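Enquirer: Here you go, one structure.
Since every read-out is calculated from the coordinates, none of them should be taken as a lab result. Note that the coordinates shown come from a computational prediction; the quantities given were computed from them, not determined experimentally. All Cβ positions, glycine included, derive from the backbone under ideal geometry; neighbour counts span all protein chains shown.
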2 protein chains.
Amino acid sequence: MVELTQILQNLKSRGYRLTKTRKQIIGIFLESRVPLSAQELRLELQRRNYQVDKATVYREISFLKGQKIVREVQFGEGKKRFEINLTDHHHHIVCIRCEKVDDIVLENDLRDQEKKIFELKKFKVLNHSLEFFGLCTKCQ
Amino acid sequence: MVELTQILQNLKSRGYRLTKTRKQIIGIFLESRVPLSAQELRLELQRRNYQVDKATVYREISFLKGQKIVREVQFGEGKKRFEINLTDHHHHIVCIRCEKVDDIVLENDLRDQEKKIFELKKFKVLNHSLEFFGLCTKCQ
DNA sequence: TGACAAATGCAATCAAGTTGCATTAACTAT
DNA sequence: ATAGTTAATGCAACTTGATTGCATTTGTCA
């Protein structure tokens, strides 16, 4: 896992500690292809025989978000999900039946739209959230 | 308020009761140009000297959502917001500093993208959520 | 190895949202 | 207008996601 050591080196060089929790959590995010909730993350830590308090999990997520190592996404479930922030800008397609999540990369994306928003409303877009909900192949 | 009586008539014809709570809440949604959280809705009811239990507020929102009278939107605050579902399909631009919310209508929208998603992944998009975050004119 | 501060665990707390159950009130039929 | 029915409500307890203060532990570096 080349990327893990890179991330850790980077954090260390910025003066942050490489705790067991931090290494485990970044490792899990790197391996997961789908966004994880705080709970799912904690369960995965447990599955790996590493017990961490939920406060620590939330604090670590918050830290990693601040460091731009993970990004927040949400599917309107009443909770937040997080995914590693290394991959290209993409969106999600979420099956409303089996809840499977997949990534989708849209070419050209929304840059034109964001330009129009600025022309129209003088509103400077810095970020957007876009998720698609529907039925996957199996569930149609 | 023509639309209010229309909505109420429609509900009544479908066999639902026109309770004081229901009338008040639909009225508030019709008057509010911004999506409301359950709490804000309840506070607005209180402001109008009408005290309602939070369980009732949640149940009524759930009912109105089921009736397609309101729709759910979210700005990643860890809570859900709701807005009246009469207006054309639109999205939101949310200022990350002053939190002001405005509507934006995108011509052509994401139909092309959704078509591409089906071609690419055989995933049938039924719905999407798209919000823009950035700085409004005042806050830039 | 020891000192310092970051990170952690624990427990309490908060906010959003849900549920069971007894009571109230909107509507219907008479 | 009245009585019966049942949807809607209030209350209280509860669940889940998330946050915080504080004492303790642990990673780092001199």
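Enquirer: Which lysines does residue B:122 reach when only Cα atoms under 26 Å apart count, and residues fewer than 8 places away in its own chain are ignored?
Expert: List returned: A:100, A:138.
Enquirer: Quick check: Cα centre of region B:1-68 to Cα centre of region B:69-125, how many Å?
Expert: Result: 22 Å between the Cα centres.
Enquirer: Related question: Any idea what the residue B:100 label distances to the other copies are, label 7 Å down the Cα→Cβ vector, nm, shortest first?
Expert: Going from nearest to farthest copy, the values are 4.5 nm.
Enquirer: What 222 nm value per residue comes from the helices of chain B, counting each DSSP H run with n ≥ 4 as -39,500 (n - 2.57) and dividing by all residues, nearest 500 deg cm²/dmol?
Expert: -12500 deg cm²/dmol
Enquirer: Continuing with the same structure: Run down the aspartates and glutamates and flag those whose C-alpha is under 12 Å from the C-alpha of residue A:20, throwing out any fewer than 8 positions away in its chain.
Expert: By straight Cα distance, residue A:20 reaches A:60.
Enquirer: Can you list the copy-to-copy distances for residue B:78, using a point 7 angstrom from Cα toward Cβ, in nanometres, shortest first?
Expert: 1.5
Enquirer: If you don't mind, there's one more thing I want to ask. Filter A:54/A:80; B:54/B:79; A:54/A:79; B:23/B:80; B:23/B:54 down to the pairs with a C-alpha to C-alpha distance above 19 Å, please.
Expert: As for pairs spanning more than 19 Å Cα to Cα, those are B:23/B:80.
Enquirer: Moving on. In percent, what relative contact order does region B:91-134 have, based on Cα pairs under 8 Å that are 6 or more apart in sequence?
Expert: That works out to 52 percent.
Enquirer: In units of 2.2 N^0.38 Å, what is the alpha-carbon radius of gyration of region B:2-84?
Expert: After normalising by residue count via 2.2 N^0.38 Å, the value is 1.03.
Enquirer: Taking only Cα atoms of region A:3-46, what ratio of Rg to Rh do you get with Rh as the Kirkwood inverse-distance radius?
Expert: 1.00
Enquirer: A further question on this structure: Can you sort B:36, B:18, B:135 so the residue with the fewest Cβ neighbours within 10 Å comes first?
Expert: B:18, B:135, B:36
Enquirer: Between copies, how close do the residue B:5 label points come, placed 7 Å along Cα→Cβ, listed in nm from shortest?
Expert: Reported distances to equivalent positions: 7.6 nm.
Enquirer: Could you tell me which residue in chain A puts its beta carbon nearest the axis mapping A onto B, with the distance rounded to whole Å?
Expert: Nearest Cβ to the rotation axis, residue and whole-Å distance: A:130, 2.
Enquirer: Return one quarter of the surface area of the convex hull spanned by the alpha-carbon atoms of chain A, equal to its mean projected area, in nm².
Expert: 11.1
Enquirer: Could I ask something else about it? Checking the cross-link filter: which aspartates and glutamates have an alpha carbon closer than 15 Å to that of residue B:116, excluding same-chain neighbours under 8 positions apart?
Expert: Answer for residue B:116, where 15 Å is the Cα cut-off: A:102, A:103, A:107, A:109, A:131, listed by chain and number.
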